[in-house]
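Everything on this sheet refers to the single structure shown next.
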Amino acid sequence: MQLAKHIDNSKLLYLTQSYGNKSSDAISINENNCFRWIAFGEVIQSVMHKRKPWLLTLPHQTMLMLPLLFFKPQNIIELGLGGGNLARFLSHLSDDIRFTSVECDAVVIECFKQYFNPENATISIIHNRAEAWLVDNALSGQTTESLDWLVCDIYQQQLIDLKETINLLDIFMSAISDNTCLSINLPDANDQDVKLCLTVLQQLQSNHRIVYFYVPNYLNIVIHVIPVHWPINFPNRNNKHSYLSKRIYKRALTFWQNLKEI
């Protein structure tokens, strides 16, 4: 989707300057006849198709969903709600999916409820910082065995420093089992940022493989930390064991061919 072509002739639905500590972090919501979108500052975070709100509209979201080629997760946790594109898409795929989103900002949560859940999809939303919630769960003794997929799509203007990055990735890896998939979207990441994340992840795990994708025409890098037993080099050519429709499955296969592995 060429974003610039689809956001002309818009009207403002919502604006707040209270997000973050800078005016540049204001949240705004706009729409035109076809789309509604949420922006943090000047960055469009997610776009909803108004007639078919479950559609994925941005390329990095499709890249995040590529593990659906290999499994049918039932328990999914998303870190970072945003405009809820992944929540709507995954909830639409199957009633068997239990989807939980952890979001640190109450304003974002209210924006989603009011503007980005038109079909009232059943989505559990937890108001908390992602790392704090994951650590609290671990300390309380809650098992990670039932977690099929941990998806991190947290908006941030730049990666945090080295020590905090290592700590955050360590928390992610501690939250998953050998059978869990971890997917991370890195927006606006430079080569040094990507190398750092890949190196840290490689050192933190032994029962997963790490693959990553450059999103065409965007600055996003999507990383998947996948169970070692997945047949990623020989994916099925049909969607028999996937939630995805035949058309979407075929399209996802073409994207998967562009994987890079460390």
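The values are calculated or read from the model by the stated rules, or taken from the named source; none is laboratory data. None of these values were measured; they are calculated from a predicted model. No Cβ is skipped: glycine too gets one built from the backbone with ideal geometry, and neighbour counts run over all protein chains shown.
Just a few scattered comments:
- The single condition among (1) under 20 Å from the mean Cα position of the chain (by Cα); (2) modelled with pLDDT under 95 that HIS229 does not meet is (1).
- Taken over the stretch 99-125, the criterion of being over 19 Å from LEU12 (Cβ atoms), surrounded by 16 or more Cβ atoms within 10 Å (Cβ to Cβ) and in contact with a strand residue (DSSP E or B) (Cβ under 9 Å, 6 or more places away or on another chain) is satisfied by PHE99, THR100, SER101, VAL102, GLU103, CYS104, ASP105, ILE109, ALA121, ILE123, ILE125.
- Pairs where the first residue, in the stretch 97-120, is in contact (Cβ under 8 Å) with a residue 24 or more places away in the chain and the second is assigned to a helix (DSSP H, G or I), C-beta under 6 Å, 6+ apart: ILE97/LEU90; PHE99/ALA87; PHE99/LEU90; PHE99/SER91; SER101/ALA87; VAL102/ALA130; VAL102/TRP133; GLU103/ILE109
- Test: residue in the stretch 182-204 that is under 18 Å from PRO67 (Cβ atoms), surrounded by fewer than 18 Cβ atoms within 10 Å (Cβ to Cβ) and in contact with a Pro (Cβ under 9 Å, 6 or more places away or on another chain): no
- Near pairs, Cβ below 6 angstrom, 6+ apart or cross-chain, from the stretch 243-262 (surrounded by 14 or more Cβ atoms within 10 Å (Cβ to Cβ)) to any residue that is hydroxyl-bearing (Ser, Thr, Tyr): TYR243/SER94; TYR249/SER242
- Some residue of the stretch 198-217 being under 29 Å from ASN137 (Cα atoms), in contact with a Lys or Arg (Cβ under 8 Å, 6 or more places away or on another chain) and at pLDDT 95 or above: yes
- LEU86 vs. criteria outside any strand (DSSP E or B), buried (at least 20 other Cβ atoms within 10 Å of the Cβ) and either in contact with a His (Cβ under 9 Å, 6 or more places away or on another chain) or modelled with pLDDT of 95 or more (or both): yes
- Candidates THR180, THR199, filtered to the one that is within 20 Å of the chain's Cα centre (by Cα) and within 24 Å of LEU134 (Cβ to Cβ): THR180
- The set of residues from the stretch 205-262 being in contact with a helix residue (DSSP H, G or I) (Cβ under 8 Å, 6 or more places away or on another chain), over 27 Å from PHE172 (Cα atoms) and not in a helix (DSSP H, G or I) comprises ASN217, ASN236, ARG237, ASN238, ASN239.
- Residue in the stretch 205-222 that is touching a residue at least 12 places away in the same chain (Cβ under 8 Å), more than 18 Å from LEU66 (Cβ to Cβ) and under 18 Å from the mean Cα position of the chain (by Cα) present: yes
- Output for the stretch 58-81, where each listed residue is touching a Ser or Thr at 6+ places or on another chain (Cβ under 6 Å), buried (at least 22 other Cβ atoms within 10 Å of the Cβ) and not in a helix (DSSP H, G or I): ILE77, GLU78, LEU81
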